[in-house]
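Here's the structure we're looking at; comments come further down.
Just so it is clear, none of the values below were taken in a lab; they were calculated from the coordinates. Small disclaimer: the values here were computed from a predicted structure and weren't measured. Virtual Cβ from ideal backbone geometry, glycine too; neighbours counted across all protein chains shown.
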Amino acid sequence: MTARVSVDRAAVRRLVEDHWRDFLSRMQRDPWSARNAILEFQARIEAEAARMPQEQADAFLAVVEQERERLGAEYDAQADDLKRRLGVAPAPQRHPGTQRMGLGEVAVRTAVRATVWEIVISLFRLLR
């Protein structure tokens, strides 16, 4: 019988929201720096998980992934609302009538999707 491992979801949510706050702030200044924010966060959570027993690490990484997915979905649904909630200034408004995404928005969405794949790959590595 396996014991159920508890993870402080509220603490993980704060950790992930802090990452997103940093990521979105960097994205407005420098997309390359935002990419680095993703890599730095990934290294940080992997280091944290490495200090835990395997069952706890697996549970921790799963909750981190769930929170990342939740924020990614929130960003996809309403990016400006997420930015306001996290205290990040929304990007400057485009001219009325234009529906095209700016380069910054494309970069953010690409980085968000890449992050999900990086997590999936790292989870497979951990489970091997």
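Structure data summary
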read-out	value
Cα radius of gyration and Dmax for the stretch 1-70 (Å)	13.6, 51
Residue-span extension gain [residue 33 to residue 8] - 0.36 nm each, minus C-alpha spacing	6.1 nm
Residue 85-residue 54 FRET efficiency (beta carbon distance; Förster radius 30 Å; 0.05 resolution)	0.30
